Amino acid sequence: MTAGDKTTSGNFTFTETTIDGVIIVDVKAFGDERGYFMETYKKPDFIAGGIAADFVQDNQSSSTKGVLRGLHFQIEHPQSKLVRVISGKVFDVAVDLREGSPTYGRWEGVILSAENRRQFFVPRGFAHGFLVLSETAEFCYKCDDVYHPNDEGGLMWDDPAIGIEWPALEGDSAFDCSRIVLSEKDQNHPLFEAI
């Protein structure tokens with residue numbers, strides 16, 4: 001498959017991005033005056049769509065506008081992640097750290113929101129992070145390995161060698177890095193050239 005190629009299986013449409021293995025998942029929802037229902041994961045459909053990860057852990061976080069979490073990766077125990085937003089809106093990013101990959105050092109980003117119900121699959125070997133664009137956001141993700149707290153790596157979110165084009169926060173006309181909120185850990189990640 002190449003960038004833009006789509007596969008539909010069940011209630012899911014899988015779209016290839018410009019980076020091999022990074023896939024955008026659009027989900028069909030069924031709604032009426034009561035609300036909506038949708039499947040968020042169905043293993044046979046995901047395998048048909050090119051995602052064969054065996055998920056073993058689910059995580060959820062809540063963050064406020066301007067919070068940037070990342071860019072994180074695991075060193076000895078890499079994880080594939082299937083991420084989505086259940087309230088609010090984020091800009092989600094994956095950076096290819098796979099040695100020998102033709103897209104090594106490139107990034108792919110996508111807007112995930114409660115409204116678009118889109119999911120993003122980030123395979124093993126990537127740094128991952130997201131920026132909260134709305135007032136608040138609840139972020140959920142599946143992982144194919146359990147979390148190992150002593151196995152964390154990180155990459156600086158604004159590394160010019162990567163050149164991620166972070167979008168403006170809701171209500172802002174342009175991106176303003178002074179409004180970014182980082183943990184102490186995320187403020188001190190190395191640059192890409194150092195890893």
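The values are calculated or read from the model by the stated rules, or taken from the named source; none is laboratory data. Computed from a prediction, not measured in an experiment: that's the story for all the values here. So basically every Cβ, Gly included, is an ideal-geometry build from the backbone, and we count neighbours across all protein chains shown. The accessibility values were calculated without ligands, DNA or RNA, using every heavy atom of the protein model including side chains. Shrake-Rupley method; radii C 1.70, N 1.55, O 1.52, S 1.80 Å.
In table form, for the structure just shown:
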| read-out | value |
| --- | --- |
| Spatial separation of Cα centroids for region 19-45 and region 123-163, in angstrom | 22 |
| Contact order relative to length of region 38-165, as percent, for alpha carbon pairs under 8 angstrom and 6 or more apart | 39 |
| Around Tyr104: net Lys/Arg minus Asp/Glu count, Cβ-Cβ under 9 Å | 0 |
| The chain, accessible surface, carbon-and-sulfur percent (1.4 angstrom probe) | 48 |
| Estimated vicinal HN-Hα couplings, Hz - region 51-63 in sequence order (Karplus 6.51, -1.76, 1.60; Gly, Pro = x) | 10, 10, 4, 9, 6, 10, 8, 10, 10, 8, 9, 10, 9 |
| Area of His72 that stays accessible when all protein chains are in place (1.4 Å probe, Å², to 10) | 50 |
| Per-peptide average of other Cβ atoms within 10 Å, ordering 166-179, 144-157 highest first | 144-157, 166-179 |
| 222 nm mean residue ellipticity, helices alone, for the chain (DSSP H n ≥ 4; -39,500 (n - 2.57); rounded to 500) | -1000 deg cm²/dmol |
| Total charge dipole magnitude, the chain, about the Cα centre, Cβ charges on Lys, Arg, Asp, Glu only, Debye to nearest 20 | 440 |
| Accessible-area order (highest first, 1.4 angstrom probe) of the listed residues Phe30, Phe12 | Phe30, Phe12 |
| Virtual spin-label span in nm between Asp32 and Asp20, 7 Å along Cα→Cβ | 4.7 |
| Where trypsin sites (Lys or Arg not before Pro) fall in DSSP loop in region 22-76, at most 16 other Cβ within 10 Å | Lys28, Arg34, Lys42 |
| For region 58-152, convex hull of alpha carbons as volume per residue, Å³ | 87 |
| Residues whose placed amide H lies under 5 Å from that of Leu71, excluding near-sequence neighbours | Leu155, Trp157 |
| Count of lysine pairs in the chain with Cα separation under 30 Å (8 or more residues apart, or interchain) | 28 |
| Probe 1.4 Å, protein heavy atoms only - accessible area per residue of the chain in square angstrom | 50 |
